[in-house]
Every structure is written in structure tokens, then in C-alpha cells.
Amino acid sequence: MSEGVSRPRRGATTIEEVARAAGVSRQTVSNAINAPQKVRPETLARVTATVERLGYQPDQSARSLRTGARRTLGYLAPVDDPFDPNPLMAGFLEALVDAAGAEGQRVLLFRPAPGTADPRPAIDELLAARQVDGLVLADVLRDDLRVAHVVRSGVPFAAFGRTGAAGPQHWVDIDNTAAMAQVAGHLAAQGHRRVGFVGGAAGLPWMADRREGFRAEADRLGLTVVEPGQRGAGAQGAGVGVGVAAVRALLRGADRPTAIATGSDLLAIDVYEAVRAEGLTVGRDVAVVGFHDTPLCRHLHPALTSVRLPLPAIAAGLVRLLLAQVRGEQPPGEGLVLPAELVVRDSSR
């Protein structure tokens, strides 16, 4: 490199230097970055190339002061055990960060203070600090107090899970009913006529939809559905509500089911244990199907057939819905329903 010539340091270039190098005004550079639709294609290409060549990075803090936009989305993270985290929600968080980043946004995680069950004070504190443009909620129930509180606050929000009919339909969800109908069809196609269903907490709307979808399609196909006895169901609904002993009882006798569908992958692990405890073999004597397609499915023996959630599409839909509200656009009157995919492996072939 010759004396007196230096490569621009990343982030050190000013918008005026970009404008001079591209032969345009400062406002044109600003438009190219913040409102590219206002710039002619050939000019936009020249400015973009100059921005990249000079390593210019817009001052986001200054932009936030001018527009009031923080370019940050708050995610009310579900309370979880760090030593036994929920693999599905960990995958959802990864997808949410990617989807936000693709839109030039960041994700700020927060949750209630330890030992505090009510999330509303944490929401109020975050909104009072003006740190985020809107909120993402997950594991949403039909009459969720978080949704009602956020609606009253007037902040933009998007929910992973369907909100109650009386509130704004700012949600993205999968078609749980159709997904479990697909599971019933798969088992029927494999020749199973007597099938079991093991669900989690019956009070969770997604679990109720999965059970309804499976039973309705099984009935349409002429399958007999049996379920183990229920115990007390916990709040999380994954791996709770049905014990291994109850599944073992279901598997005893000549009229046992030859296949069992479950409402989650963790419930499927309980079924694996029950099948083996009865001296049977998963995939040969009893087909098993899970739900969520978490990474553990590929590591079980045999590998577990499961319903895969389209986490990247869910996250992208939530970010689009939230940013539309931030921009002042009218969101659609209905939530977004996405299909899930049945991934067939050796447990049900």
C-alpha cells in the first residue's frame, strides 16, 4: 500500500464521504439506506456499492433519536430450567433472532424476576424504559393475561399461539389439527387399525387441538383409538399428565394398540420406555410418533417419527406482523396459520 493511502476503517466513514464518493447528495445516501424505494435503481446500486467499499455503518443510535425507533424487539422468554431446557423453544429463539436480524432488528430477552409468577411488572418496566419497539409472546393461551395487558398498554405485539377471539388477532400458529390428522393417515397407511393417543395437559389449547385432529381423522378412517388413564396435568403439557405405568397398562393384552401417537417428543420417550418395559420393540411391535421434531428424535433408537414445526417461517411471520404495526400499518384481521410437516423415521415405518 502506497504512503498516504489507507484502507477505510470499518465504521469510521461518514455519510458525507459516502455521498462525495458516490457523486450524490447526503439525502440520497440516507434514502438509499432507509427508504431505497425512493432512489432510482442505478443510483441505488452505485450508493450501495460505495457504502460497502468504504465500510460505512449508519449510526443507529442517532437514527433512534430522530425516529423514536429502537430497532429492537422484546421477547418475553418462557421460564425454563437451564439444566433441562425446552429444546423446541430454544430452536424458536434461534429462528426469531435470525428473522429479526434479516429485518435489521435485534431481540432483547426478558422475563419476570426470579420467584415472580406475574409477568406484567416486567413488561411494564421494559416499556417504561422505551427499550423496544414491540413485543413477541410465546406459549399463548386463549385468555392469556399477558395479551390482555399488552393490548391495554397499546404496544405493538405478535404472539406465537392463538389469542382469544375478543382480542386483536396478532398471532402466528401451526395447524395442529391438520398435523395430527396427517399422523392418523400415516398410521392407517401402514396398516394399523387399533391406535393409541397419549397427550399432555388437556387444558392447553394446542394439545386439545392435536387430540381432536387425531381422533377425528382416525374415526373417519375407521381406526379404533384408545388412551391411557390421565393423571394430574401440569402447566407445561410436555411429558406431563400420563405416566409410563398408564401406558404400560394400555399395552397389556391381546387387544393392545399397534401404534401410539403422542402430543410431544417428550411424551414419546415415555412411550418408548413403556414399550420396552413390556418386552416389546418400538417400530416392530408398536409404532410411535412424536410431535415437535426436536433434535432428540434423531438420536433415539429407533429414530422417532415426528411432526416438524416450521420454526423459521413462524419467526419470520411474527417479525413481519410486528414490524407492520410498528410502521403504523393495519395488521390483518386474522392470524397466520402455517402447515407442519410429518418427518417419517424408523419408529413408524
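Bear in mind these aren't lab numbers, they're just calculated from the coordinates by the rules spelled out. On a predicted model such as this, the values are computed, not experimentally measured, just so you know. With ideal geometry, Cβ positions are generated from the backbone for all residues, glycine too; neighbour counts draw on all protein chains shown.
Report the charge-dipole magnitude of the range 245-319 in Debye, nearest 20, computed about the Cα centre from +1 at each Lys and Arg Cβ and -1 at each Asp and Glu Cβ. Mind dumping the intermediate values first?
Values: 7 positive and 7 negative charges, 19 e Å.
That gives the range 245-319 a dipole magnitude of about 100 debye.
Computed from label points 7 Å out along Cα-Cβ, the spacing between residue 313 and residue 12 is 4.7 nm.
Does the range 117-268 classify as rounded, prolate or oblate by the C-alpha gyration tensor (a ≥ b ≥ c root eigenvalues; a/c under 1.5 gives rounded; else a/b over b/c gives prolate, otherwise oblate)? Here the range 117-268 falls in the prolate category. The string of couplings for the range 32-38 from the Karplus curve (6.51, -1.76, 1.60, θ = phi - 60°) is 4, 8, 9, 8, x, 5, 8 Hz, one whole number per residue in order, with x for Gly and Pro.
Projecting the Cα atoms of 264, 277, 287 onto the charge dipole of the range 257-300, computed from C-beta unit charges around the Cα centre, puts 287 farthest toward the positive end.
Placing unit charges on each Cβ (+1 for Lys and Arg, -1 for Asp and Glu) gives the chain a dipole about its Cα centre, and among 206, 323, 309 the Cα reaching farthest toward its positive end belongs to 323. Amide H contacts under 5 Å for residue 174: 338, restricted to partners 5 or more places along the chain or on a different chain, H placed in the peptide plane at 1.01 Å from N.
Can you tell me how much longer the chain between residue 334 and residue 189 gets when fully stretched, taken as 0.36 nm per residue apart minus their C-alpha distance, in nm with one decimal? Working shown, then result.
Details: separation 145, 0.36 × 145 = 52.20 nm, distance 3.43 nm.
Result for the pair: 48.8 nm of gain on full extension.
Taking amide H atoms as placed 1.01 Å from N in the peptide plane, the amide H of residue 157 lies under 5 Å from those of 135, each 5 or more residues away in sequence or on another chain. Averaged over residues, the count of other Cβ atoms within 10 Å places the peptides 331-339, 41-49 in the sequence 41-49, 331-339, highest first. About its Cα centre, the chain has a charge dipole of approximately 740 debye under the convention of +1 per Lys or Arg Cβ and -1 per Asp or Glu Cβ, with nothing else charged. Once semi-axes √(5λ) of the Cα gyration tensor in Å is calculated for the structure shown, the corresponding label among (1) 38, 25, 17; (2) 34, 21, 18; (3) 49, 23, 18 turns out to be (3).
Working out 0.36 nm times the residue gap between residue 221 and residue 34, then minus their Cα-Cα distance, what length gain in nm do you get to one decimal? The span from residue 221 to residue 34 would gain 61.8 nm if fully extended.
Grab the DSSP H runs of the chain that are 4 residues or longer, score each as -39,500 (n - 2.57), total them, divide by all residues and round the 222 nm result to the nearest 500 deg cm²/dmol.
On the way: 12 runs with 140 residues, N = 349.
It lands at -12500 deg cm²/dmol.
Comparing 139, 293, 81 in a Gaussian network model of the chain, where Cα atoms under 10 Å apart are tied by springs, the biggest mean-square fluctuation is seen for 81. Using a simple spin-label model with pseudo-atoms 7 Å out from Cα toward Cβ, residue 117 and residue 90 lie 2.7 nm apart.
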